[in-house]
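Q: Shown below is the structure under consideration.
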Amino acid sequence: MPRLVLQLLRRCNVVALVLTLAACHINLVAPYDDQFVNDAVTVQTDFDTLIQTLRNPPNGTSVTYDANKASYNKINVDLSRLVTQAQTHTNNQPMIDQTTTLAGVVREVEATHRRTGHLSIAYLDDKQETVDQQIGIVIRTETDKKALN
Amino acid sequence: MDAANVATAMLNAAKGAAAGTWPNIQHDFASDLTSVLRKATRIEAQLAAGELTEEEASELLNDQRKTLTMLSIEVKQDEAIIVENAINAAFDVLWTAVKAAVA
């Protein structure tokens, strides 16, 4: 084969290698998702609103489970949306695991309310503080992606 | 392309990326751990005082364990990002060296 052709082929291989390397930035973790953070804030707002209502109900407001079922439904939808938003990205297992754990902790409130019919003030205080801390950790874990890149 | 020099430069870039990004996180894991411990102590006192039922206290204490799990997930993710940055920084050095060799 003529030397010129060999040189050309070699040159093409090098160019191909260069192009391959250029595309070789790895992604071990999903990119930051602003919508996910907004969804987490929505969960916190709706959860805190319910807890505040149960702790300090306005006149005429019942604190029974049935009377607050609509609020629980709203929070369940918020949680489903949050988990789904985490699942829309590849390499996002940490956020999926965190939001699934958070959803379990929040949904226990509904289960306990339905079962016992009454939630004590101490329970509501402790649960709110814990859920708020956990939502803070979820949001921070998401924003770490931005801070570290 | 001087392979030895490129290797050293890649290693330095990876080290720089790892060391340079961690301070960007404004974490206070100690504060989170202290908060969990404080809540656990309070739950115990509330149970003793009859402000919480045993069932409620059990659930709330289990929540604290879950908070710690979530913290450990955060740490693992952040470590993965630092590794990602280090590998990509090393790759950028290799990419620059290859481009220079081709030119």
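Q: Please verify whether residue A:84 is closer than 30 Å to residue B:78 by Cα, within 14 Å of chain B (Cβ to nearest Cβ), of a type in the set (S, T, N, Q) and in a helix (DSSP H, G or I), treating the condition exactly as stated.
A: no
Q: Can you name the residue in the range A:94-125 that is hydroxyl-bearing (Ser, Thr, Tyr) and in contact with a helix residue (DSSP H, G or I) (Cβ under 7 Å, 6 or more places away or on another chain) and is also nearest to residue A:40 (Cα to Cα) among such residues?
A: Of the range A:94-125, the ones hydroxyl-bearing (Ser, Thr, Tyr) are A:99-101, A:112, A:116, A:120, A:123.
So of that shortlist, the ones also in contact with a helix residue (DSSP H, G or I) (Cβ under 7 Å, 6 or more places away or on another chain) come out as A:99-101, A:112, A:120, A:123.
On the way: A:99: 9, A:100: 12, A:101: 13, A:112: 23, A:120: 26, A:123: 22 Å.
Only one residue tops the list, namely A:99.
Q: Quick check on the range B:89-101. Is at least one of its residues more than 9 Å from chain A (Cβ to nearest Cβ), under 23 Å from the mean Cα position of the chain (by Cα) and of a type outside the set (Ser, Thr, Tyr)? Lay out the reasoning, then the answer.
A: At the first step, the residues of the range B:89-101 found to be more than 9 Å from chain A (Cβ to nearest Cβ) are B:89-90, B:93, B:96-97, B:100.
Subsequent filtering for residues that are under 23 Å from the mean Cα position of the chain (by Cα) retains B:89-90.
Going one step further and asking which of them are of a type outside the set (Ser, Thr, Tyr), we end up with B:89-90.
The answer is yes, given that some residue of the range B:89-101 is more than 9 Å from chain A (Cβ to nearest Cβ), under 23 Å from the mean Cα position of the chain (by Cα) and of a type outside the set (Ser, Thr, Tyr).
Q: Ok, one more. For the range A:78-100, what are the residues that are within 14 Å of residue A:137 (Cβ to Cβ) and surrounded by fewer than 19 Cβ atoms within 10 Å (Cβ to Cβ)?
A: Within the range A:78-100, A:97, A:100 qualify.
Q: Can you tell me how many residues in the range A:110-139 are more than 7 Å from chain B (Cβ to nearest Cβ) and free of Cβ contacts under 8 Å to residues at least 24 places away in the same chain?
A: 4
Q: Out of all the residues in the range B:65-88, which are modelled with pLDDT of 90 or more, more than 7 Å from chain A (Cβ to nearest Cβ) and touching a helix residue (DSSP H, G or I) at 6+ places or on another chain (Cβ under 8 Å)?
A: B:68 - this is the single residue of the range B:65-88 that is modelled with pLDDT of 90 or more, more than 7 Å from chain A (Cβ to nearest Cβ) and touching a helix residue (DSSP H, G or I) at 6+ places or on another chain (Cβ under 8 Å).
Q: Applying the selection to the range A:43-68, what residues are in a loop (DSSP other than H, G, I, E, B) and out of contact with any Pro (no Cβ under 7 Å at 6 or more places or on another chain)?
A: At the first step, the residues of the range A:43-68 found to be in a loop (DSSP other than H, G, I, E, B) are A:56-65.
The answer is A:56, A:57, A:58, A:59, A:60, A:61, A:62, A:64, A:65.
Q: So which residues in the range B:62-103 are in contact (Cβ under 8 Å) with a residue 24 or more places away in the chain, among the hydrophobic types (A, V, I, L, M, F, W, C) and either under 12 Å from residue A:141 (Cα atoms) or outside any helix (DSSP H, G or I) (or both)?
A: Scanning the range B:62-103 gives B:71, B:75, B:81.
Q: For the structure I just gave you, tell me whether residue B:45 is more than 7 Å from every other protein chain (Cβ to nearest Cβ), hydrophobic (A, V, I, L, M, F, W, C) and closer than 30 Å to residue A:111 by Cα. So that I can check it myself, show each step before the final result.
A: Values: more than 7 Å from every other protein chain (Cβ to nearest Cβ): yes; hydrophobic (A, V, I, L, M, F, W, C): yes; closer than 30 Å to residue A:111 by Cα: yes.
So residue B:45 passes the test.
Q: What are the residues in the range A:106-136 that are of a type in the set (A, V, I, L, M, F, W, C) and in contact with a Ser or Thr (Cβ under 7 Å, 6 or more places away or on another chain), if any?
A: Pass one, the range A:106-136, residues of a type in the set (A, V, I, L, M, F, W, C): A:106, A:109, A:111, A:119, A:121-122, A:124, A:131, A:135.
Of everything in the range A:106-136, just one residue is of a type in the set (A, V, I, L, M, F, W, C) and in contact with a Ser or Thr (Cβ under 7 Å, 6 or more places away or on another chain), namely A:119.
The values are calculated or read from the model by the stated rules, or taken from the named source; none is laboratory data. All values derive from a computational prediction rather than experimental measurement. Quick reminder, even Gly has a Cβ in these numbers, built from the backbone with ideal geometry, and neighbours come from all protein chains shown.
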